Structure formats: C-alpha cells, structure tokens
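Take a look at the structure below.
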Amino acid sequence: MAVVILVLTQLMFVVDTSIVNVALPDIGRELGFSSAGLSWVITAYALTFGGLILLSGKVGSVIGPRRALLLGVTVFVTASVIGGLAGSAGFLVGARALQGVGAALAAPSVMVLLMGVTTPGPQRSRAMALFVLAVGAGAAVGLLAGGVLTQTLGWRWVMFVNAPIGVLVLFGTWRNLPEMGRRRTALDVGGAAASIVAMVALVFAFTSAADRGWTSSVVLGAFALAVVSLVVLVACERRHPHPVMPLAFFSSMRSAGPLLSMLVVPAGQVGFLFFTTLLTQQVLGFTPIQTGLALVPFTLGLIATNQLTPRLLPRLGERLIGIPGLSGLVLGIAWMALVAADAGPDTSIVTVLLPSILLGAGAGATFAPVTAVIMHQAPSEHIGAAASLNQGLQQLGGGMGLAVLTSVLAATGGLEHGLGTTLLATAAFPLVGLTLFGVWARRIPAPDTPHA
C-alpha cells in the first residue's frame, strides 16, 4: 500500500504537467488571456517547480521526507482548488505557481520514501517499474483526462480533480508511510531565491515583449533584473558550502554540454504540446477530446522507446541512442510545422497523429541517455545536486522556451499566420540540444573497462 500511495503521488504530479494543455483554449476565452499571456498557465507551474526543487530535496532532509510529502501535497491540493475557483487570469497564474511550490516540496521525497519502504531485489524492482510506468503514462492520462473533463464538466475540473486524489494521498501517507531520519544541512536559500527571480524575470521579459515591444521600459527592466539576479546567484554559489547549483558543473563544456541540452530539449517538447493544442482546437476545430486523442500517440511512442532504451544502452552506448532520439524530436516538430503551415478545416486528424508518434519515440530515446551522461560526468561530490539540477532544468527549460516562442508567435502573425513558423522555431531547441549532446557527451565506460 505504501508503494501504491507513492506511485499515485508521482502520477498526480506528472498528470498535472499535461492535463491543463487541452483546456488552454477554453481557459483563455473565459478568463481573457492574451495569446502571449496564456503561456503563463504553463510557465508559472514550471518555474516554481523547477526553481524550488533545487532546494526542496534538502528541505526534506531537514524536516523529514514524510513531513515534506504531507506539506507539499497539502499546498498542491489547496492551490488546485484555488485555481479551479479562479475568476481572473492573474488569480489562475498565482494558483499555478503555488501548485509548483507544493509539487517541488513533495516530489524529491517520493523517491526517498520509495527506496526506504522497499528492500533491494525483486520488491524494489517491481516498485521502480510502477514508478517508471507512472512517469511514462502520466502525460497520456493527463491529455485524455483534460479533454474529457474540459468537454463534459468544464475546464475548472482539470484543477478540481487534484483535490480527491490529493486527499487520498494524504490519508494514505499518514496511515502507511513511516517517517525516516532527518539530518541538519545548510540550506542555500539565497541561491534558490536568486535563480527563481532570474528565471521569472527572463520569462516575464520575453512574454511581455510580445505585447509591449522589445524597447518597452518594463521589458528592459525585466532583462536588467534577470542579469542582476544571475550575478547574485554566482556570488551565492561561490560562497555557500552546499550550493543548489554548484559552479563545478559549468567549469567545462564536457559537464555543462549535457546539462544545457537538458535545458533546451524540454523547451521543444513543451512548445510542441502547447502550440499543437492551439492548432487543433482554434485552427482545425477539434473538440478537447479529439485533441487529447490526437496527442496520445506522442505518449505511446514515448513509453515504447522508453521501455526499450534501458536494454539497448549497455550495448550501443548513450550517443548511439541519444543522437537518433534527439533527431526524432527535431524532425517530429518540423513535420508538425509543415502541418500547421497548410492547416485548414479539412485537415485530417491523421496528419497530427503521425508527427506526434515520431516526436514521442524521439523523446523516449532521449531523456535516459542524456540523464545517464549528466550523472556520470558530474563531479563525484555533487551527485545528489546533479540529480536535482537535472530535474529542475527540465522544468525551467520548458517554461523559458515557451516564453521565447510566444514572442515568436506574436512577431510572425499570431495564431492565424504564425503557427507554422513558431513550430519551426520550436524545432530549433532540440536541434541545439542535439549539437550540445553530440559534441560534448562521452560514452560511459563499462564497469570492467579501465578509464583513459
């Protein structure tokens, strides 16, 4: 039962990253979002989740992982209810940011508790298999659930649905999960705060530029704040004994390249889902359920290759798996850009399904090799920080990339004329990731192979 509760918790967080996508057109119409402002529904969650997860793992060590899980899920459920009741765009964006705070606080404790309540061997293997299945299937569940809930009960239920699930998780955690040991550690609050301010300022600057123009004093001020925050971040990380973002990761391109790849690749994936949702509903006239079904092949392709990749990695190596995977991401998004350029009311759903399959297959073959290289090339004293940074960069990259792409959409003619160009620009992000990974990733030697 303890494993079931933890897997359900992880599933809830993963579903929430995709369930809102299908509801975005309805949210935009009811709450009066601009085309650029609508992206904040996604980025607000991603920025707080990605920014705080660098710190929250250490918070869990200080207060105990069970307490961190209970506190995080409570915040997440409360924010979900607030979001479902939102009567304005700003109210919903604030609720989404608070959801990210709760998810960031709880997520690192899920894996810690999963390892704590299982024993090495078949039991832990089964638990990890369920955990991986929740991660892989969560996106598909979110897309389908988002379509069904939006079309039948209304978009607010993509937020409200977290309440009963969260209450079940809280009750199950209280009844079935033991508290584990706590340890005192120095928290890098300054570094975490500086990183969040820098990312939020950058996203705000790019998003505002779409509405206000690049020379606006607000936009220039946001860019200036981002630069100052990054300087403060570097200063904090140099002095703190346990930095949230160790500068050693960026001392050479061999270690920084794969990390930067993990920053830009999710930007392409998030951009694909965001703009394809707008394409299917606002250009092609699909219903929310049809949109969910059109995007499910993306997740099915991801699950299929994600299950196969771990078996192939020892034989073929990370580069021979990761490079074709990243290439599939680039080609899948570029294919969807061609679909968007010629889209019209008579466009078949099949034209959306095929690039979704290619993109999903590429994604499934990408994240495991890139993650393996990041963990192997990280300095030995920063392995734990590398794991948190890997997860945080995925969220931050998605949020920042979407902000840049909304500016591209506004500059190229909006939904009516600019979707094809914007999706083509989206493909540039995994293309950069392909270059970074292809040039600087090194094959991980087998255990019995001596290091050079």
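Which of the helices (runs of 4 or more DSSP H) contained wholly in the range 91-197 include at least 2 residues that are closer than 30 Å to Pro246 by Cα and open to solvent by 30 Å² or more (accessible area, probe 1.4 Å)?
Passing ranges, in order: 122-152.
One residue is enough: does the range 88-96 have a residue meeting the conditions of a type in the set (Gly, Ala, Ser) and in contact with a Phe, Trp or Tyr (Cβ under 7 Å, 6 or more places away or on another chain)?
Yes.
So, of the residues in the range 379-429 that are among the hydroxyl-bearing types (Ser, Thr, Tyr), at pLDDT 90 or above and in contact with a Phe, Trp or Tyr (Cβ under 7 Å, 6 or more places away or on another chain), which turns out to be farthest from Val283 (Cα to Cα)?
Thr426
Among Val352, Val339, Val373, which is assigned to a helix (DSSP H, G or I) and within 23 Å of Val15 (Cβ to Cβ)?
So the residue among Val352, Val339, Val373 that is assigned to a helix (DSSP H, G or I) and within 23 Å of Val15 (Cβ to Cβ) is Val352.
From the list Ser327, Ser348, Ser356, exactly one residue is of a type outside the set (D, E, K, R), in contact (Cβ under 8 Å) with a residue 12 or more places away in the chain and open to solvent by 20 Å² or more (accessible area, probe 1.4 Å). Which is it?
After applying the criteria, what remains is Ser327.
Do you know which of the residues in the range 198-217 that are without any contact (Cβ under 8 Å) to a residue 12 or more places away in the chain and of a type outside the set (S, T, N, Q) is surrounded by the fewest Cβ atoms within 10 Å (Cβ to Cβ)?
Residue satisfying both the conditions and the ranking: Gly213.
Restricting attention to the range 221-243, does a residue exist that is in contact (Cβ under 8 Å) with a residue 60 or more places away in the chain, out of contact with any Lys or Arg (no Cβ under 6 Å at 6 or more places or on another chain) and either over 18 Å from Leu47 (Cβ atoms) or open to solvent by less than 50 Å² (accessible area, probe 1.4 Å) (or both)?
Looking through the range 221-243, at least one residue is in contact (Cβ under 8 Å) with a residue 60 or more places away in the chain, out of contact with any Lys or Arg (no Cβ under 6 Å at 6 or more places or on another chain) and either over 18 Å from Leu47 (Cβ atoms) or open to solvent by less than 50 Å² (accessible area, probe 1.4 Å) (or both).
Please give the number of the condition Thr119 fails out of (1) closer than 25 Å to Glu179 by Cβ; (2) touching a residue at least 40 places away in the same chain (Cβ under 8 Å); (3) out of contact with any Asp or Glu (no Cβ under 8 Å at 6 or more places or on another chain).
(2)
Could you please find all residues in the range 10-36 being open to solvent by 30 Å² or more (accessible area, probe 1.4 Å) and not in a helix (DSSP H, G or I)?
Taking the range 10-36 first, the residues open to solvent by 30 Å² or more (accessible area, probe 1.4 Å) are 11, 17, 26, 29-30, 32-35.
Answer for the range 10-36, where residues must be open to solvent by 30 Å² or more (accessible area, probe 1.4 Å) and not in a helix (DSSP H, G or I): Gly32, Phe33, Ser34, Ser35.
Tell me whether the range 364-374 contains one or more residues that are open to solvent by 40 Å² or more (accessible area, probe 1.4 Å) and either closer than 19 Å to Asp211 by Cα or among the aliphatic types (A, V, I, L, M) (or both).
Checked the range 364-374: no residue is open to solvent by 40 Å² or more (accessible area, probe 1.4 Å) and either closer than 19 Å to Asp211 by Cα or among the aliphatic types (A, V, I, L, M) (or both).
The values are calculated or read from the model by the stated rules, or taken from the named source; none is laboratory data. Fair warning: this is a prediction, and the values are worked out from it, not measured in the lab. For neighbour counting, all protein chains shown are included, and Cβ atoms are generated from backbone atoms with ideal geometry for every residue, glycine included. Remember, those area values only see protein heavy atoms, side chains included, never the ligands or the DNA or RNA. Shrake-Rupley method; radii C 1.70, N 1.55, O 1.52, S 1.80 Å.
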